[in-house]
Amino acid sequence: MSTPSTIERTDRATLADMVVVDADVHVNDTPGALAPYCEEPWRLSLEALDGASYPYLQVPGFAPNMRLDPPIPGQHANRSVSTAAEMRAELSELQIDVGILFPDHMLLFAAIPNPEYATALAQAYNRWLLEEWLTREPGLYGVVLACPQNPDFAAREIERYANEERVVGVYLPTAGVNPLWGDRRYDPIMAAAEAANLPVCLHSVTLVSPAFPCQLDQFENHFARQVLSHAFAMMANLTSIVHTGVPARFPELRIVFTEAGIAWVPYMMWRMDKYYNEYRRLVPFLEKRPSDYITERMWFATQPIEEPDDLKDLVVTIDLLGGPERILFASDWPHHDFDHPRAIMKLPMPAAAKRRIMGENALELFGIPAPAGKL
Amino acid sequence: MTDHVVGPVEDFPPGTHRLVQLGRIEVGIFNVAGVFHALPNICPHQFGPLCAGTVNGTTACSAETNWTFAWVRQGEIVTCPWHGIEFDIATGQSLSSPRLRVRTYPVRVVDGQVTVTI
Ligand code: FES
């Protein structure tokens, strides 16, 4: 446990005084953009899909208030960023020095049923990410997509990209993944990530699918689906990862959970520890309590940050899950529920704790050099 | 408290809203069916440009509407363009949380000029 950060005083720390690393921003991986990087015959399909219109029934419900030119950096009506230069400019406008890039469309990756198609798409996405996003602008880093449909291929992809300076982690597509991360069939992926010293990053999305825990079909509106989707995905996958002993079997592996907020974590620590007391003999490969693995080798990205009436409650929550060292700032830029860095900066915590959350933790975890002129 | 003349009333027709800069403060001036309102252009949620949002109505569904969706209060609600939180233009109160409200500034028309007091 770190020093409690619950104090009344708020230091006058500003974003300009600290490195800001954003652990979760999204690139617009359209079919047309990926097509040139994709092997045939799958390329043909991506080319044909280029420019396909967004199915309007997928808009999350009634949206008469939508502005087509929202006053956000880039004014993206469709809330997507298409080039590295745009991303760099927009993150700078938000006072973010470093962004860790995740996909848009490939958030649904794990739900692709055809393993051959999935393999071709993963390969194309990783090629495209490196070529078009990670070599063009300062401060943009990426996570290589691990194809759960083809774990041996995914492990080779991790090895292939492991020495790329701008590749700093492994993206584990989490929405609809079946079986859940933690299943032993994914061991090659975990082993490759561990060997490459790359953290694995779970990222989900709202998806209705028969794969547990995405059976959100019975909810009639997006309020309910949004409330449950990411949080349930992270709770289910964390439990799965712990129940097969991933943190014990891969003792150097570091695990990051994104886009589910943070308040679910203390609950899961207490609940898993309680049943570890009762059922330790079922999981004897765990050499310590589940919460110990969490506070040593797991990290949690802030967005969408919970917004209790009293912000001190959130500071207490951070301490309950192991302290500011466990927390990574994330904006989810440019998605609809992005968090501005101010959402974290306004928390009543010491400047040193904010500096850790806003950037220092991520620089250490991902092995990213501090940007020039900062620190 | 200072009165600021922001322009002739013809520049603010009913059903429109505009941003004006008054010293260091950006203020949204709203004409809701002939009645003027003024709100700061800063959302209490994450400080987005609240008054740059869309003005229209909202949904209702209650015993009064026989538990079917109805469109109500057309022209009285501004929606923050960042995360979609709705505010009652007349009171500055959000529709979703008692904790989220913005102040309102008095506005009146003096000699044909829209005048805000801040
Ligand atoms: S800043 Fe206005 S809704 Fe978030």
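How high is the FRET efficiency from B:Ser97 to A:Arg156, r the C-beta distance, R0 45 Å, rounded to 0.05?
That gives a FRET efficiency of 0.35.
If I take every Cα pair under 8 Å that is 6 or more residues apart in segment A:225-304, average their sequence separation and divide by the length, what percent do I get for the relative contact order?
This gives 43 percent for segment A:225-304.
Give me the distance in nm between label points sitting 7 Å out from Cα along the Cα-to-Cβ direction at A:Tyr267 and B:Asp3, one decimal.
Distance between the two pseudo-spin positions: 5.6 nm.
Mind checking which lysines have their C-alpha under 16 Å from A:Lys312, skipping anything on the same chain fewer than 8 residues away?
Excluding near neighbours in sequence, the set is A:Lys346, A:Lys354.
Would you kindly state how much longer the chain becomes between B:Ala90 and B:Leu22 on full extension, computed as 0.36 nm times their sequence separation minus their alpha carbon distance, in nm to one decimal?
22.5 nm
Once you mark the chymotrypsin sites (Phe, Trp or Tyr not before Pro) that are in a DSSP loop and have at most 11 other Cβ atoms within 10 Å, what is the longest gap between them in chain B?
Excluding the exposed sites themselves, the longest stretch runs over B:1-66.
Which whole-number percent gives the relative contact order of chain A, counting Cα pairs below 8 Å spaced six or more residues apart?
For chain A, the relative contact order is 23 percent.
Are there chymotrypsin sites (Phe, Trp or Tyr not before Pro) in segment A:197-245 that DSSP marks as loop and that have at most 11 other Cβ atoms within 10 Å, and which are they? Let's see the in-between values first.
Numbers: sites: A:Phe219, A:Phe223, A:Phe232; in loops: A:Phe219.
Passing sites in segment A:197-245 do not exist.
How about segment A:103-184: which trypsin sites (Lys or Arg not before Pro) there are in a DSSP loop, with at most 14 other Cβ atoms within 10 Å of their Cβ?
A:Arg136
I'd like the FRET efficiency for A:Asn163 and A:Ala85, computed as 1/(1 + (r/R0)^6) with the beta carbon distance as r and R0 of 22 Å, rounded to 0.05.
Calculated transfer efficiency: 0.30.
Roughly how many nanometres apart are two label points built 7 Å out from the Cα toward the Cβ at A:Val227 and A:Lys312?
Each label point lies 7 Å from its Cα, and together they span 2.8 nm.
How high is the relative contact order of chain B, in percent, counting Cα pairs under 8 Å that sit 6 or more residues apart?
Contact order relative to length: 27 percent.
Rounded to the nearest 20 debye, what is the charge dipole size of segment A:20-366 about its Cα centre when +1 sits on each Lys and Arg Cβ and -1 on each Asp and Glu Cβ?
Using only the charged Cβ atoms, the result is roughly 840 debye.
For A:Lys288, give me every one of the aspartates and glutamates with a C-alpha distance below 12 angstrom, ignoring sequence neighbours fewer than eight places off in its own chain.
Result set, ordered by chain and number: A:Asp273, A:Glu296.
What length, rounded to one decimal in nm, is gained on full extension from A:Glu364 through to A:Asn277, with 0.36 nm per residue of separation minus their alpha-carbon distance?
On the way: separation 87, 0.36 × 87 = 31.32 nm, distance 3.30 nm.
Gain on extension, A:Glu364 to A:Asn277, equals 28.0 nm.
Name the residue farthest towards the positive end of the dipole of chain B from the options B:Ile29, B:Ser62, B:Ser96, assuming +1 on Cβ of Lys and Arg, -1 on Cβ of Asp and Glu, about the Cα centre.
The residue sitting most towards the positive pole is B:Ser96.
Just to verify a number: FRET efficiency for B:Glu10 and A:Phe212, C-beta to C-beta distance, R0 = 60 Å, to 0.05?
Approximately 0.45, to the nearest 0.05.
Can you sort A:Tyr267, A:Tyr293 so the residue with the fewest Cβ neighbours within 10 Å comes first?
A:Tyr267, A:Tyr293
Sort the following peptides by mean Cβ neighbour count (other Cβ atoms within 10 Å, averaged over residues), highest first: B:16-22, B:59-65, A:282-288.
In decreasing order of mean packing, B:16-22, B:59-65, A:282-288 become B:16-22, A:282-288, B:59-65.
Amide H neighbours of B:Val32 under 5 Å, at least 5 residues apart or on other chains, H built in the peptide plane: list them.
B:Gly15, B:His37
Can you put A:Arg271, A:Arg281 in order, fewest other beta carbons within 10 Å first?
Fewest-to-most ranking of A:Arg271, A:Arg281: A:Arg281, A:Arg271.
Give me the inter-chain shielding for A:332-341: mean count of other chain Cβ atoms within 10 Å, whole number please.
Numbers: counts 0, 0, 0, 0, 3, 3, 3, 2, 6, 1.
Whole-number average of other-chain Cβ neighbours for A:332-341 is 2.
Out of A:Ala224, A:Ala236, A:Ala362, whose Cα points farthest toward the positive end of the dipole of chain A (charges: +1 Lys, Arg; -1 Asp, Glu; placed on Cβ)?
Most positive-ward Cα: A:Ala236.
Starting with the fewest neighbours, write out A:Tyr37, A:Tyr279 ranked by other beta-carbon atoms found within 10 Å of each beta-carbon.
A:Tyr279, A:Tyr37
Helix by helix, which DSSP H runs in chain A go 18 Å or more along their axis at the Cα atoms and have an average Kyte-Doolittle hydropathy of -0.5 or more?
A:222-243
Using helices alone, what [θ] at 222 nm do you get for the protein assembly as shown, with -39,500 (n - 2.57) per DSSP H run of 4 or more residues, divided over all residues and rounded to the nearest 500?
-7500 deg cm²/dmol
Only the coordinates and a few stated rules stand behind these numbers; no lab work does. From a predicted model like this one, the values you see are computed outputs, not experimental measurements. Positions of Cβ are backbone-derived with ideal geometry, glycine not excepted, and every protein chain shown enters the neighbour counts.
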